[in-house]
Amino acid sequence: MAETQIAAWTRRDSSFVFRHSWVDLRRISPNLPLAVVASEDQRFPEHWGFDVAAIEKAYALNQRSHKVRGASTISQQVAKNLFLWSGRSYFRKGLEAYFTVLIEGCWPKRRILEVYLNIAEFGYGTYGAEAAAQRFFHVSAARLSRSDAAVLAAVLPSPEHFSATAPSRYVQQRRDWILGQMQALGGPAMLDEIDAYPH
């Protein structure tokens, strides 16, 4: 958040508006955590911070392609977004791994999801589920529909290029894929596996 704010000031970007409002996971529709797990990290309930199978697959694909594909888990993204800076270097990756281990060791999965959904960038200057829900759909995060949640998850990999308000054909296709994956994972009941919404 600070990086984006400073970059906007440096460029004297008068269009930049910082939006962020922290909300407890209970005040976020279960559709959104389910959508981001379906989109970003389907092994989230099982792994301890690193998806070894996804890393191996990404490594094999990167050997054959010029386009670099990542395999970051939600836990790794929290480590990067909360404690580190943007960029690609072995040093930063090493720190990311260190913080990922700490996060997984100290926080329950529920807390990891809560932090992720409150600090993820969903659009230029728009951070967290509540700000995104209000800006793009004019509802609170608690009222996000399955489709709205899937759109937000679809733009996450590149919120500076994709739009939740005017989704491109690619974003629409990804939204539809995510909706299918949400169903395949068992719907919101899947969140019970990770104690995301304890009774």
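What the table shows:
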quantity	calculated
Burial ranking of peptide ranges 146-154, 74-82 (average Cβ count within 10 Å, highest at the top)	146-154, 74-82
Net charge, residue 48 excluded, C-beta distance under 11 Å - Lys, Arg +1, Asp, Glu -1	-1
Neighbourhood net charge (14 Å Cβ-Cβ; Lys/Arg +1, Asp/Glu -1) for residue 27	0
Sequence-separation-based contact order of region 85-163, relative, with Cα cut under 8 Å and 6+ spacing, percent	21 percent
Extension gain from residue 168 to residue 46, taking 0.36 nm per residue of separation minus the Cα-Cα distance	40.7 nm
Additional length obtainable on full extension of the chain from residue 85 to residue 192, 0.36 nm per residue less Cα span	35.3 nm
Residue 160 versus residue 134: modelled label distance in nm, points set 7 Å from Cα along the beta carbon direction	2.5 nm
Debye log10 I(q)/I(0) for region 62-194, one point scatterer per Cα, at q = 0.09, 0.13, 0.15 Å⁻¹	-0.30, -0.63, -0.85
Distance between modelled label sites at residue 183 and residue 57, nm, 7 Å Cα→Cβ extension	2.1 nm
Gained length - residue 26 relative to residue 107, 0.36 nm times residue gap less alpha-carbon distance	27.5 nm
Phi to ³J(HN,Hα) by Karplus 6.51 cos²θ - 1.76 cosθ + 1.60 over region 181-189, Hz, x for Gly, Pro	5, 4, 5, 5, 6, x, x, x, 4
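A short reminder: the numbers here are calculations on the coordinates, not readings from a lab. Given the structure is predicted, the values throughout are model-derived calculations rather than measurements. Cβ: placed from backbone, ideal geometry, glycine included. Neighbour counts: every protein chain shown.
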